[in-house]
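Asks: This is the structure I have questions about; it appears just below.
The values are calculated or read from the model by the stated rules, or taken from the named source; none is laboratory data. Bear in mind that the values here come from a model prediction, so they are computed numbers and not experimental data. Quick reminder, even Gly has a Cβ in these numbers, built from the backbone with ideal geometry, and neighbours come from all protein chains shown. Heavy atoms of the whole protein, side chains included, go into the accessibility calculation; ligands, DNA and RNA do not. Shrake-Rupley method; radii C 1.70, N 1.55, O 1.52, S 1.80 Å.
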Amino acid sequence: MADEHKSTFSRRGFLKGAGVAAATTAVESANALAREAQAAAQPDPTLGPGALPVKLRINGQDHAVTIEPRYTLAETLRNNVGLTGTKVVCDRGSCSACTVWLDNVPALACMTLAIDATGREITTIEGLATGDTMHQVQAAFVKHDALQCGFCTPGMIMSCAALLERNPNPRLADVKHAVSGNLCRCGTYPKVFAATLEVAQQRQQTAGLVGLTTGKEA
Amino acid sequence: MPLEIITQEQEQGAQPGAKKVPNAAKPEPQAVHQDVAAPPVASKDSGPPKRSESFVFGIPQNGLTSKQREVPVDEPPPLARNADLRYIGKPTARYDGPAKAMGKGKYTADVQLPGMLYARMVDASVPHGRIVSIDTAAAEKLPGVRAVYVVQHTYGLAELRDPKQETPSRYPLIRYAGQPIAGIAAVSPQIADDAAKLIKVQYDPMPFVVDRTEARAADAPAVFPGPADAAGSAGGGGGPKGVPQVGNVHGPQRKQTGDPAAGFAAADVVVESEYFTQVQTHSALETHGFVVDWKPDEVTVYASTQGTSSVRNDMADVFKLPKSQVRVITEFMGGGFGAKFGIGNEGAVAANLSRMTNAPVKLMLDRRQEHIVSNRPDSHQKLKIGAKRDGTLTAIELTSYGTAGVGTGAGTAGPATNLYTCPNLLTEEYDVFTNAGPGAAFRAPGHPQGCFAFEQAIDELAVKLAMDPIALRDKIDENQARRVERQLIVERTNWRNRRPAGSDAGPIKRGMGVAQSVWYRFVSMNSSCEVRVSRDGSVELMSAVQDLGTGTKTMLAIVVAEEFGIPPGQVVIRIGDTRFPVGPDSGGSVTAGSITPAVRNAAYQAKQQLFAAVAPQLGTTPDNLHLAEGRVLFKNDPSRSYTLKQITGKLPTDEISARATRGPEYAKEKLTYGGVDYVELAVDTETGRVHVEKVFGAHDCGRPINPTGVISQINGGILQGISYALFEQRIMDRKTGYMLNANLDNYKILGAREVPEIEIELVENYIAQSSTDAAGIGESAGIITLAAAIGNAFFNATGVRMRSIPMTPANVLAALGKVPGQPGQEVQA
Ligand code: FES
Ligand code: FES
């Protein structure tokens, strides 16, 4: 059920054991391999089980938190940092409600240990907007009513916004694929598809216009 | 017992059919909640003074007419049809959309209070047994644990009519695996989890049964040692009380009209079959949960609930608190679908823990528990319909057995009773107790099950009569809205190109089908609000009513906006807090029809007060003023106009406010709503997969206030309906009594890839019953019809009828005779 792009778990054991497999994007695989290689060169110090101070870079800001190594990133974001936009629904990697970006690649915060997110750029739903100005995908979700109870919405938006970053010209099937791991019980899917495709179209048009005014092909 | 039905007032007087609403928000007399049951009767010689008004009436496609009604004098003038209004009926962006899209909405699960503790529920690991001992010492000693509360009374189960039939025990008897036993509050959720593992419970296990068929056997283990009854909730659910009970079989609830035997004797054709449906779990993304902050002078409860009022009532009942000391807050809510009324066990445990620790306590169920604490009951239905050559129905007979686990409410007779006119009807509904989590109201209780059987049987009848299924329904269905909806389907879909059943020669077979839904107009008199207008021109609406994601906030903003002539975005909506005037619990599609008239009336009265307050300064009389296009206009002088702000600036006080409460319906009539859904699908007869490719839904919800929100809800109903028909199924382990797939990976729910193309058409239906004529859509929105429509389309594709759901590949291949198995049998979990 999990979208392939969600499978970049940071649980090292998982990466070691299951390998990076075909599940990750090429770039992310390379990054993960590099991190693994580095980790292998300098054996991990033993951490925990007690709490320890950790620095997390979230939405462009450093946050110092004291957490136990077993805390997931989702728990840490919600309970220790106070960023509750990231939702926990299944807590076992089967619904994508907790989707955040790690170094701009979607990841499941319930399947990522917070300590494994140190040194990485964490982006949550709260970090997508610029101040009070919504990200284009957020605005399109509102315009198309791609949200009802809204509990799946942060994860859904993180998946769709990431899709548009890696594929500026998605087809319907690509959008379906990108949110195939995102469960919505209220049934917002048709509007999620419409909202995401509209942003892609808008971006294409803007790019086209820029191309015309500058005389360059976009 | 706190989880009683809070029955909505409805047009019962002239509505014998009211009692024919099985498992809806049930108007059974004994279940009527006192403070909502007896609204002032609207009649000429009692109640407030009235005036006569002419209301727009009917369905636009049929030509609108008008209807004269007596209305209370303080109500606003009748609304024009939607086409002539400025904001009502116009697609409007969700009021709290940006907050939700930006992750700013604070759901109960997100609430964080200073010093808040995290709680975990500990539940039973045996499906039936007596608790011998509970050892909490190790858990209590764990650093960070602040309190352990052992449950004294479990809510949500049926209760013995005569408690003396059971040997008393120190702890509540365990009747299902997952039944709450204790709660732990700790400084972190992780410590609460650790502590949960340290609680030692010793059981004296008893024989159990989790399968409906096995539970019906004479020698089956008894879930209850004697007759037991369960209450429903504000969302419906709950079975009849006081009916016969033999072993685990509770019922029947028997209803008869006319002479069914004579009806069948007079029939030219008879169809008769058995149908099976499975248990579906609600799976709202936010689990059930509460944050309780127990202070000596006030208990504040943040609740993921469909009824702030239901939670407040339960808190007052269970803890013997005056309601004035209970405040319930539901600002954002992550879905309910019928499962979230009252405090439930989790609310009671959270409140006890908060009281014990003097700290706020958050208790959210985990996903496994969410799957166990509520569900849509399953069914085994025997259905027989007789008809004349021309399609006229002569008799209907339905017997249904269903399990709501340790609860009741598995009846399915709603569609058979209320869809079509038939003079002779016999329905017998049985609940079968099993050692499984209790059933609860779930979007149109009883109706998806009933419709799956009934609307397929009607289709089968059409085949036997060699009639077009839509033509047959035109013959037997008196509902005007559904007639228009069927017409829309004929005109807007591929229906006219429908081919004979099983026309495709290859392995992929395509077909189309329709099915119809019925739901009922329920109205709650617990629908009040206050509208405030301030000197600076700001307008606020306040009510305790909650928004489950259905768009209540947006709908109310639109209604106020229409009255003041300002954009909905300029109205501030404050709801989901019992400090505000009481609101209806959102079950049975009551919310829109109940609260919007109160809101419009309050807005109108606030506006009248405003005019009265400023008219002298404007050198005119209040009745010379009116609001349109955001400006205050003078009726006698079109050249004079002011902005709303200029006018409010002249208020002699800082603010004015008006409060209004829902009054009775204008006329006593039996009113139902209905939708018709059309499905195109492909059946892969080699893999057994069913692909729903297109759905066209035509739906009636009175006067739509925000078509955008209504369509979103219908999308949701349709997709939940497809999911129910094809994928979802609770699987119980007969050996251990556990639910095996109590998680979101093994309990399969429709995802993005299974979403078909969906087109929705709303049919406006003006009924002249209130100052808004709005109605809810939650129940009739596709969830009722889809399994039947898919079944009918499946038959059209393959020539084979699916009489059991979910239509998993194994079930489909068995039905097609491709693999060994018993076609037409229950899908074995
Ligand atoms: S909560 Fe992380 S995938 Fe469901
Ligand atoms: S909007 Fe409610 S779960 Fe998606």
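Asks: For residues that are more than 22 Å from B:Leu285 (Cα to Cα) and either open to solvent by less than 10 Å² (accessible area, probe 1.4 Å) or at the interface with chain B (Cβ under 9 Å from one of its Cβ atoms) (or both), scanning just the range A:117-126, find the one that is nearest to ligand 2 (Cβ to nearest atom).
Replies: A:Ile122
Asks: So, one more: So in the range B:525-545, with the set limited to residues that are in contact with a Pro (Cβ under 9 Å, 6 or more places away or on another chain) and open to solvent by less than 10 Å² (accessible area, probe 1.4 Å), which one is farthest from the other protein chains (Cβ to nearest Cβ)?
Replies: For the range B:525-545, the residue satisfying everything is B:Ser528.
Asks: What's the total number of residues in the range A:142-163 that are touching a helix residue (DSSP H, G or I) at 6+ places or on another chain (Cβ under 6 Å) and farther than 19 Å from A:Cys95 by Cα?
Replies: Qualifying residue count, the range A:142-163: 3.
Asks: When you scan the range B:182-235, how many residues do you find that are in a loop (DSSP other than H, G, I, E, B) and under 28 Å from B:Pro377 (Cα atoms)?
Replies: First, the residues of the range B:182-235 that are in a loop (DSSP other than H, G, I, E, B): B:187-188, B:199, B:206-211, B:217-227, B:230-232, B:234-235.
Filter once more, so that each one left must be under 28 Å from B:Pro377 (Cα atoms): B:206-211, B:217-227, B:230-232, B:234-235.
Residues in the range B:182-235 being in a loop (DSSP other than H, G, I, E, B) and under 28 Å from B:Pro377 (Cα atoms): 22 in total.
Asks: So is B:Thr427 open to solvent by less than 10 Å² (accessible area, probe 1.4 Å) and either in a strand (DSSP E or B) or among the aromatic types (Phe, Trp, Tyr) (or both) or not? Spell out how you get there, then give the answer.
Replies: Values: open to solvent by less than 10 Å² (accessible area, probe 1.4 Å): yes; either in a strand (DSSP E or B) or among the aromatic types (Phe, Trp, Tyr) (or both): yes.
Yes.
Asks: Condition test on B:Pro616, is it more than 28 Å from B:Ala93 (Cβ to Cβ) and open to solvent by 50 Å² or more (accessible area, probe 1.4 Å)? Full working, then the answer.
Replies: Numbers: more than 28 Å from B:Ala93 (Cβ to Cβ): yes; open to solvent by 50 Å² or more (accessible area, probe 1.4 Å): yes.
Taking the combined requirement at face value, the residue satisfies it.
Asks: Residues in the range B:576-593: is at least one assigned to a helix (DSSP H, G or I) and of a type in the set (D, E, K, R)?
Replies: Restricting attention to the range B:576-593, the residues satisfying the condition of being assigned to a helix (DSSP H, G or I) are B:591-593.
Among the residues that remain, those that are also of a type in the set (D, E, K, R) are: none.
The answer is no; no qualifying residue exists.
Asks: Under 7 Å by Cβ, and 6 or more places apart or on different chains, what pairs join a residue from the range B:610-638 that is in contact (Cβ under 8 Å) with a residue 24 or more places away in the chain and closer than 11 Å to B:Thr648 by Cα with one that is assigned to a loop (DSSP other than H, G, I, E, B) and among the basic types (Lys, Arg)?
Replies: Partner pairs satisfying both residue conditions: B:Val614/B:Lys650.
Asks: Same structure, new question: Based on what the data block shows, is B:Pro172 touching a residue at least 12 places away in the same chain (Cβ under 8 Å), in contact with a His (Cβ under 8 Å, 6 or more places away or on another chain) and open to solvent by 20 Å² or more (accessible area, probe 1.4 Å)? Steps first, please.
Replies: On the way: touching a residue at least 12 places away in the same chain (Cβ under 8 Å): yes; in contact with a His (Cβ under 8 Å, 6 or more places away or on another chain): yes; open to solvent by 20 Å² or more (accessible area, probe 1.4 Å): yes.
Yes, satisfied.
Asks: Scan the range B:720-732 and report the pairs whose first residue is within 14 Å of B:His371 (Cβ to Cβ) and whose second residue is surrounded by fewer than 23 Cβ atoms within 10 Å (Cβ to Cβ) and of a type in the set (Lys, Arg), with Cβ atoms within less than 6 Å and a gap of 6+ or a chain change.
Replies: Cβ pairs passing all conditions: none.
Asks: Just wondering, is there one or more residues in the range B:701-723 that are open to solvent by 10 Å² or more (accessible area, probe 1.4 Å), in a loop (DSSP other than H, G, I, E, B) and farther than 30 Å from B:Glu669 by Cβ?
Replies: The answer is no, given that none of the residues of the range B:701-723 is open to solvent by 10 Å² or more (accessible area, probe 1.4 Å), in a loop (DSSP other than H, G, I, E, B) and farther than 30 Å from B:Glu669 by Cβ.
Asks: Can you pull out every residue in the range A:75-116 that is within 13 Å of ligand 1 (Cβ to nearest atom), among the charged types (D, E, K, R), open to solvent by 10 Å² or more (accessible area, probe 1.4 Å) and not in a helix (DSSP H, G or I)?
Replies: A:Asp91, A:Arg92
Asks: Just checking, how many residues over the range A:139-159 are away from ligand 2 (no atom under 14 Å from the Cβ) and open to solvent by less than 30 Å² (accessible area, probe 1.4 Å)?
Replies: Filtering the range A:139-159 down to residues away from ligand 2 (no atom under 14 Å from the Cβ) leaves A:139-140, A:143.
Right, trim to open to solvent by less than 30 Å² (accessible area, probe 1.4 Å) and you get A:140.
Of the residues in the range A:139-159, 1 are away from ligand 2 (no atom under 14 Å from the Cβ) and open to solvent by less than 30 Å² (accessible area, probe 1.4 Å).
Asks: Then there's this: Select from the range B:352-377 the residues that are open to solvent by 10 Å² or more (accessible area, probe 1.4 Å) and of a type in the set (D, E, K, R) and list them in ascending order.
Replies: Of everything in the range B:352-377, those that are open to solvent by 10 Å² or more (accessible area, probe 1.4 Å) and of a type in the set (D, E, K, R) turn out to be B:Arg355, B:Lys362, B:Asp366, B:Arg367, B:Arg368.
Asks: State whether one or more residues within the range B:729-738 are within 13 Å of chain A (Cβ to nearest Cβ) and modelled with pLDDT of 95 or more. Before you say what the answer is, go through the steps one by one.
Replies: Of the residues in the range B:729-738, the ones within 13 Å of chain A (Cβ to nearest Cβ) are none.
Within the range B:729-738 (the criterion being within 13 Å of chain A (Cβ to nearest Cβ) and modelled with pLDDT of 95 or more), the answer is no, since none of the residues qualifies.
Asks: Right, another one. Which pairs have Cβ atoms under 8 Å, sit 6 or more apart or on different chains, and link a residue in the range B:304-326 that is of a type in the set (S, T, N, Q) to one that is part of a helix (DSSP H, G or I)?
Replies: B:Ser304/B:Thr108; B:Ser304/B:Ala109; B:Thr305/B:Val311; B:Asn313/B:Lys323
Asks: So, of the residues in the range A:157-187 that are touching a residue at least 40 places away in the same chain (Cβ under 8 Å) and in contact with a Cys (Cβ under 7 Å, 6 or more places away or on another chain), which turns out to be farthest from B:Ser712 (Cα to Cα)?
Replies: Only one residue fits best here, namely A:Ala178.
Asks: With the structure loaded, tell me whether B:Gln769 is under 14 Å from B:Gln278 (Cβ atoms), in contact (Cβ under 8 Å) with a residue 24 or more places away in the chain and more than 10 Å from chain A (Cβ to nearest Cβ) or whether it fails that test.
Replies: No, not satisfied.
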